[in-house]
1. At a threshold of 8 angstrom on Cα-Cα distance, excluding pairs fewer than six apart, so keeping six or more, what relative contact order does region 129-212 reach in percent?
2. Only four residue types carry charge here, +1 at the Cβ of Lys and Arg and -1 at the Cβ of Asp and Glu. Report the dipole size of the chain about the Cα centre in Debye, rounded to the nearest 20.
3. Would you calculate the separation in nanometres between label points at Glu125 and Gln229, each defined as 7 Å from the Cα along the Cα-to-beta-carbon direction?
4. What is the magnitude of the charge dipole of region 209-350 about its Cα centre, with +1 placed on the Cβ of each Lys and Arg, -1 on the Cβ of each Asp and Glu, and no other charges, expressed in debye to the nearest 20?
5. Give me log10 I(q)/I(0) at q = 0.12 Å⁻¹ for the chain, Debye formula, one equal scatterer per alpha-carbon, no solvent.
6. Extension gain Glu53-Glu67, at 0.36 nm per residue separation less the Cα-Cα distance, in nm?
7. Given R₀ = 25 Å, what would the calculated FRET efficiency be for Ile157 paired with Ser181, taking r from the Cβ atoms and rounding to 0.05?
8. When only alpha-carbon atoms are used, what values of Rg and Dmax, in angstrom, describe region 213-293?
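The values are calculated or read from the model by the stated rules, or taken from the named source; none is laboratory data. Small disclaimer: the values here were computed from a predicted structure and weren't measured. Cβ atoms come from the backbone with ideal geometry, glycine included; neighbour counts cover every protein chain shown. Quick note on the areas: whole protein, heavy atoms, side chains included, nothing else; ligands and nucleic acids left out. Shrake-Rupley method; radii C 1.70, N 1.55, O 1.52, S 1.80 Å.
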Amino acid sequence: MVSERASSNVMPSPFVIPIFIAHQGCPHQCLFCNQRSITGAAEGMVGGREVAETIRTQLAWPRRHPEAPVQVAFYGGSFTGLAMDRQRELLGAAQPFLASGQVRELRLSTRPDYITPEIAGFLKEQGVGIVELGAQSLDDRVLAASGRGHSAAQVGIAVACLKEAGIRVGLQLMLGLPGDSTTTALASARHAAALRPDMVRLYPCLVISGSPLAELYRKGEYRPLSLLQGVALGGRLWSIFTAQGIPVVRMGLQPSASLEETMLAGPYHPAFGELVLSRLFFNQLRAALGARPRHQSHRLSLAKADESIYRGKGNANVKRLVALGLLEGVETVFSADQLRQSVVLISVDS
Ligand code: SF4
């Protein structure tokens with residue numbers, strides 16, 4: 001009996017050199033956003049000289065996988081909302097590293113309404129291989145309630161422009177935005193999947209000090225998801241995308257001291273993605289173990305790399321499986337050669 005979910009880690013992960021341009025290029029502050037807390041980025045404008053210096057410094061560091069492709073990523077703002085001479089300055093600083101082959105490609109994040117065919121063409125010429133669009137939702141009412149200032153239709157237009165230019169597209173979606181519900185979040189994810197992005201990131205909406213959402217929260221006008229709700233919803237969205245072969249490359253914000261110091265409420269956990277995968281893995285195991293003939297003994301084989309998501313936080317998954325009687329007559333083994341997130345059950349009765 002074999003049940004498998006495809007692994008999304010086939011290619012070696014790129015080595016990413018991040019350059020934060022906190023809130024630069026943004027037309028306003030979206031309700032939930034405080035990039036300085038989220039990224040820990042300092043105030044001040046990054047210039048071409050700083051970009052070149054950051055790349056040079058990081059390329060000189062010893063790397064665990066020196067064969068991994070190097071990407072330079074501009075995050076934390078709306079890159080294509082910057083004045084054209086600033087865009088040229090920042091992207092231009094990376095050109096010598098692209099030309100020498102030390103950097104494979106550039107990536108950046110921006111707003112969907114700041115992409116046109118001309119901008120997409122310009123980015124392609126500059127060596128930008130991936131653009132991550134802060135879509136956040138594909139529901140117009142949720143977008144309006146979150147103060148985004150763009151529509152769901154503009155997300156579709158931006159994806160089409162970027163694909164037409166030959167740029168890979170990432171979509172960032174948020175869980176638990178003002179006005180959102182399980183129904184709208186699932187519909188939003190299906191709509192996003194239909195746009196065929198190359199990758200997706202899922203971020204739970206957190207209440208961060210200094211964001212307009214913090215005011216609503218203090219006034220009792222916004223209630224964030226609980227961690228349990230966030231994990232459950234994250235799992236359902238993950239399933240929608242991965243079922244269509246769209247990798248979810250991150251779930252949950254990058255943990256940082258500045259984020260933890262300024263976060264007031266919301267479904268935060270430093271290993272949010274692992275909690276989601278662990279829950280999904282539990283469901284998969286429960287189905288596989290529940291379907292086995294109980295009069296036989298079985299060996300349950302799992303990937304060694306999955307041991308922690310199998311066990312869950314505080315061994316919770318194993319305890320639940322034991323409580324359900326699903327591990328009776330089952331010997332669990334971990335194999336270094338097994339495909340990640342696959343479940344192999346073999347009868348060991350002679
Ligand atoms: S969510 Fe994006 S567009 Fe809105 S303020 Fe933050 S970085 Fe800028």
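1. Numbers: 111 pairs, mean separation 29.9, N = 84.
Computed value for region 129-212: 36 percent relative contact order.
2. Working: 35 positive and 28 negative charges, 141 e Å.
It comes to approximately 680 debye.
3. For the pair Glu125/Gln229, the computed spacing is 4.8 nm.
4. On the way: 16 positive and 11 negative charges, 68 e Å.
That gives a dipole near 320 debye.
5. Relative scattering, expressed as log10 I(q)/I(0), comes to -0.93.
6. Numbers: separation 14, 0.36 × 14 = 5.04 nm, distance 2.18 nm.
Going from the current span to full extension adds 2.9 nm.
7. On the way: r = 26 Å, r/R0 = 1.03.
Efficiency for this residue pair is about 0.45.
8. 15.9, 56
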